[in-house]
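Worksheet: one structure, shown below.
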Amino acid sequence: MNKKITAVTLTALMVLTMFTAMVPSASAVEKAEAPYEFIAAVNDTTINPIFNLTSFNHPSILYYDLDEGDGEEYLNFTVDSTKEEINKSTFEYMTVRYQKEDEIGRNWIAWLGEPYYVVEASGDWYLSKLIVDEDEDDEHLLRVGETMNLPNGFAISPLEIDVDGEEAWFTV
């Protein structure tokens, strides 16, 4: 009888141990799951190798939105392997403005691996990073004196709201 109880107890302990070992790993797999995976290899450079990088082929270096297909940057250079340097005459960086599909008339640009909104493009260019990236479905109601906290330590508060003139003054 004792042998039977011992065998049942050991079997139950083994099943419980297997179950508890599986539960954390299943939740860890869900958390560690990434939408994209990049694989790279490092090789010795040949004599004066030429690099032609595009945001589409190298989205981990240059900006490219894999879901929307937005962003177009080019980086071309030649490495002088004897001096182990890139000569400025062989270094070329280029980027192109683009419009998001749902934002016709608003220009964006990929700049040094990050997306920027083009605030002004006539004469001197003014670029801005978005503090908050929202769409038409996001709504916030603020009254005078209320504050909405934004990422990176920013906050926005309405100072005055002119309902008839459809204008509002804010502090950031």
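The values are calculated or read from the model by the stated rules, or taken from the named source; none is laboratory data. Predicted model only: the values in this text are computed from it and were never measured. Counting neighbours? That spans all protein chains shown, and the Cβs are built from the backbone with ideal geometry, glycine included.
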>> Checking the condition out of contact with any Pro (no Cβ under 6 Å at 6 or more places or on another chain) and over 30 Å from Thr46 (Cα atoms), which residue from Glu92, Glu101, Glu73 passes?
In response: Glu101
>> I'd like to know if segment 60-69 contains one or more residues that are of a type in the set (Val, Ile, Thr), under 30 Å from Phe170 (Cα atoms) and either assigned by TED's automatic domain parsing to the domain that holds Val172 or surrounded by 11 or more Cβ atoms within 10 Å (Cβ to Cβ) (or both).
In response: no
> How many residues, within segment 59-97, are in a strand (DSSP E or B) and out of contact with any Leu (no Cβ under 6 Å at 6 or more places or on another chain)?
Replying inline: 14
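Out of all the residues in segment 88-101, which are more than 21 Å from Val119 (Cα to Cα) and touching a strand residue (DSSP E or B) at 6+ places or on another chain (Cβ under 6 Å)?
Within segment 88-101, Thr90, Phe91, Glu92, Tyr93 qualify.
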> Can we say Thr171 is hydroxyl-bearing (Ser, Thr, Tyr), exposed (fewer than 13 other Cβ atoms within 10 Å of the Cβ) and touching a residue at least 12 places away in the same chain (Cβ under 8 Å)?
Replying inline: yes
